[in-house]
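Enquirer: Provided herewith is a single structure, encoded as structure tokens, for subsequent inquiry.
Every number in this text was worked out from the coordinates using simple rules, so none of it is lab data. Being a predicted model, the structure only gives us computed values, none of them experimental. Quick reminder, even Gly has a Cβ in these numbers, built from the backbone with ideal geometry, and neighbours come from all protein chains shown.
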Amino acid sequence: MNVEASYSGNIAVASVSGRVDSANAKDFDKALRDIIDRGVTGLVVDCNDLRYMSSAGLRVLLIAIRKTNAAGGGLAMCRVPDHIREVLEVSGFVRLTSIHDSAEAASASFSS
Amino acid sequence: MEVRHDWDVAIDGAEPRRVAEEFEEIALAQGVPMGIVFKFQLALDEILTNVVSYAFAGRDAAQAVVRVNARFGAAGVSAVILDNGLPFNPLQDAATPDMELSAEDRQIGGLGIHLTRSFVHSVSYERTDGWNRLSLAQPLQAHTEEETA
């Protein structure tokens with residue numbers, strides 16, 4: 001698992017790659033917290049290179065959704081592979097976040 | 001031809017990933033479709049994560065036995081997860097998360113079992129002679145019908 005972030009004002013795009021499971025969910029959590037703690041209110045999670053995510057990753061996303069919601073922004077996702085999208089659907093996370101085709105579209109969702 | 005693979009699992013947070021990734025490798029080599037491989041390994045990962053995290057809480061880890069027996073055949077994929085830890089029936093004892101709640105009100109637990117039940121065709125549990133025995137079975141045919149329905 002690796003997370004790379006780019007920033008534009010109070011919006012950040014976090015590109016997560018590899019595998020997120022119970023063995024490294026703490027690292028994923030720390031990476032997203034560090035990004036949000038830089039004053040980010042709108043967090044885009046780019047899943048283009050995300051291969052696998054279990055419920056341990058969902059828990060981390062839920063915490064990030066709460067934090068960004070509380071900051072007046074939110075969390076949006078983009079380029080989500082079909083099998084990961086099914087995890088989000090079955091777990092009801094599609095109600096808690098929005099899913100977009102590109103990082104640009106996800107970022108734009110915060111200004112509307 | 002049926003292929004079998006068994007794992008002895010240590011009480012260690014790194015173990016669910018090891019088993020899930022090895023399961024993936026074997027299943028793909030046996031020609032199991034990627035969609036099924038992903039869902040089944042996620043279920044294995046979720047169940048084993050629960051077992052290594054909670055089944056032996058307050059117990060002597062030296063006495064702990066966790067075993068996975070997997071079968072790969074033309075008819076489908078199955079796995080039995082056995083452990084001699086605390087009695088736990090995930091089909092009854094795990095709360096089902098309420099999907100209607102907001103992010104602020106959603107409970108953090110229960111998602112792993114919910115994903116397991118949603119992603120694998122048959123999930124059953126029995127407790128016998130001090131052993132938790134969770135069985136997962138995914139017929140290949142059922143998946144195909146579901147995909148084309």
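Enquirer: With (1) within 10 Å of another protein chain (Cβ to nearest Cβ); (2) of a type in the set (D, E, K, R); (3) touching a residue at least 24 places away in the same chain (Cβ under 8 Å) as the list, and A:D46 as the residue in question, which single condition is left unmet?
Expert: Just one mismatch for A:D46, condition (1).
Enquirer: I'd like the full set of residues that are within 11 Å of the chain's Cα centre (by Cα), in a helix (DSSP H, G or I) and farther than 13 Å from A:T41 by Cα, limited to region A:61-92.
Expert: Scanning region A:61-92 gives A:L61, A:L62, A:I63.
Enquirer: When you scan region B:1-32, how many residues do you find that are of a type outside the set (A, V, I, L, M), within 14 Å of chain A (Cβ to nearest Cβ), assigned to a loop (DSSP other than H, G, I, E, B) and exposed (fewer than 15 other Cβ atoms within 10 Å of the Cβ)?
Expert: 1
Enquirer: So, of the residues in region A:70-87 that are over 18 Å from A:V13 (Cβ atoms) and surrounded by fewer than 22 Cβ atoms within 10 Å (Cβ to Cβ), which turns out to be farthest from the other protein chains (Cβ to nearest Cβ)?
Expert: The qualifying residue farthest from the other protein chains (Cβ to nearest Cβ) is A:G72.
Enquirer: Somewhere in region A:10-29, is a residue more than 14 Å from chain B (Cβ to nearest Cβ), in contact with a helix residue (DSSP H, G or I) (Cβ under 8 Å, 6 or more places away or on another chain) and over 23 Å from A:R85 (Cα atoms)?
Expert: Checking region A:10-29: not a single residue is more than 14 Å from chain B (Cβ to nearest Cβ), in contact with a helix residue (DSSP H, G or I) (Cβ under 8 Å, 6 or more places away or on another chain) and over 23 Å from A:R85 (Cα atoms).
Enquirer: Sort out which residues of region A:93-108 are outside any helix (DSSP H, G or I) and either surrounded by 15 or more Cβ atoms within 10 Å (Cβ to Cβ) or within 8 Å of chain B (Cβ to nearest Cβ) (or both), and write them in order of number.
Expert: Step one: list which residues in region A:93-108 are outside any helix (DSSP H, G or I), which gives A:96-102.
Residues satisfying the conditions are A:L96, A:T97, A:S98, A:I99, A:H100.
Enquirer: Still on this structure, I have one more. Which condition number in (1) under 23 Å from A:G18 (Cβ atoms); (2) touching a residue at least 60 places away in the same chain (Cβ under 8 Å); (3) of a type outside the set (D, E) is the one that A:R59 fails?
Expert: (2)
Enquirer: Consider region B:102-113. How many of its residues are farther than 17 Å from A:V60 by Cβ and at the interface with chain A (Cβ under 7 Å from one of its Cβ atoms)? Walk me through how you get there before you give the answer.
Expert: Here is the first cut: in region B:102-113, the ones farther than 17 Å from A:V60 by Cβ are B:102, B:105, B:113.
Still in the list and also at the interface with chain A (Cβ under 7 Å from one of its Cβ atoms): none.
Going through region B:102-113 one residue at a time, the tally reaches 0.
Enquirer: Hey, does region A:55-67 have a residue that's away from chain B (no Cβ under 11 Å), out of contact with any strand residue (DSSP E or B) (no Cβ under 8 Å at 6 or more places or on another chain) and not small (G, A, S)?
Expert: no
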